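*Asks:* Got a structure here, written out as structure tokens. Questions coming.
No value in this document is a laboratory result; all are computed from the given coordinates. The structure presented is a predicted model; accordingly, all values stated were derived computationally and were not measured. Using ideal geometry, Cβ is built from the backbone for each residue, glycine included, and neighbour counts are taken over all protein chains shown.
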């Protein structure tokens with residue numbers, strides 16, 4: 001489905017009936033990443049997957065897509081569907097957007113899954129790496145996306161998931177240069193939202209990969225301990241929904257069942 005928003009087109013898809021779940025993909029991904037998850041859940045839930053700004057079939061609105069910009073776009077989709085609140089599942093950058101949604105619109109979230117994501121801002125080193133990435137992207141976007149995507153997987157999984165990596169690379173190659181840079185700039189300046197995560201009273205959980213080459217597992221572990229958030233660990237990298245699909249779906253079922261039991 002296409003929504004016209006601030007002069008651009010936002011693409012989103014809906015599947016199934018029941019309690020709504022909003023699915024937010026990561027950087028260099030699009031809503032298609034949720035295919036297996038939605039196939040698994042759509043018999044019991046109303047699943048809404050959104051192409052975030054500058055990704056998939058959703059267009060760009062500026063040189064910088066802040067997490068707040070993306071959250072406003074998500075809110076526009078929910079308004080279009082007359083959904084007042086939903087469970088949010090966000091992968092990596094999608095988790096940053098989910099936290100921005102909670103920050104801006106506290107009543108719109110009934111539960112939260114941070115999948116290979118964090119409430120912490122970029123470190124100084126990470127910001128420097130984002131700037132380097134922007135320079136590389138401007139010179140050779142396909143080389144950057146190809147390298148970046150392979151590096152999301154644990155080293156021992158890169159060969160095993162070669163076909164999946166290639167598919168993601170092909171999809172990423174279609175993202176406009178502006179979409180890549182705008183997201184990098186937006187992630188670089190995102191807020192520290194540990195207080196948002198802590199103060200959110202709904203059910204919440206972090207799914208983390210012990211061998212995540214992008215988001216250090218120890219950081220997620222410390223974050224979960226400090227802010228008293230349940231942590232589920234997988235023996236894989238940054239792409240738990242692929243590298244550890246069966247365990248991920250089981251743990252997601254468990255979480256959603258616990259949410260339903262409290263409502």
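*Asks:* R0 = 41 Å: FRET efficiency of residue 17 with residue 245, Cβ-based, nearest 0.05?
*Replies:* About 0.95, to the nearest 0.05.
*Asks:* Give me the extension gain from residue 195 to residue 235: residue separation times 0.36 nm, minus the current Cα-Cα distance, reported in nm with one decimal.
*Replies:* Fully extending the segment from residue 195 to residue 235 adds 11.6 nm.
*Asks:* When the helices in the chain are scored as -39500 (n - 2.57) per DSSP H run of 4 or longer and the sum is shared across all residues, what 222 nm value do you end up with, to the nearest 500 deg cm²/dmol?
*Replies:* The helix-only estimate for the chain comes to -14000 deg cm²/dmol at 222 nm.
*Asks:* Taking the alpha-carbon centroid of each part, what is the distance from segment 147-218 to segment 58-121 in angstrom?
*Replies:* Centre-to-centre (Cα) distance: 15 Å.
*Asks:* In nm, give the distance between the simple-model label positions of residue 211 and residue 105, each being 7 Å from the Cα along the Cα-to-Cβ direction.
*Replies:* 3.9
*Asks:* Please find the FRET efficiency linking residue 128 to residue 2, where r is the Cβ-Cβ separation and R0 is fixed at 35 Å, and quote it to the nearest 0.05.
*Replies:* Efficiency for this residue pair is about 0.40.
*Asks:* Test of understanding: extend the Cα→C-beta vector of residue 44 to 7 Å, then name every residue of segment 199-222 with backbone N under 17 Å from that spot.
*Replies:* 203-205
*Asks:* Kindly put 33, 239 in sequence by how many other C-beta atoms sit within 10 Å of each C-beta, fewest to most.
*Replies:* 33, 239
*Asks:* Kindly identify segment 197-261 as rounded, prolate or oblate by the Cα gyration tensor criterion: order the square roots of the eigenvalues as a ≥ b ≥ c, call it rounded if a/c is under 1.5, otherwise compare a/b with b/c, prolate if a/b is larger, else oblate.
*Replies:* Note, shape of segment 197-261 comes out oblate.
*Asks:* Highest mean first, what order results for 9-21, 137-149 on Cβ atoms within 10 Å?
*Replies:* Final packing ranking: 9-21, 137-149.
*Asks:* Only one of the values (1) -0.56, -0.88, -1.21; (2) -0.35, -0.65, -1.27; (3) -0.37, -0.66, -1.16 was calculated from this structure for log10 I(q)/I(0) by the Debye sum over Cα atoms at q = 0.09, 0.12, 0.16 Å⁻¹; name its label.
*Replies:* Evaluating log10 I(q)/I(0) by the Debye sum over Cα atoms at q = 0.09, 0.12, 0.16 Å⁻¹ on these atoms matches (2).
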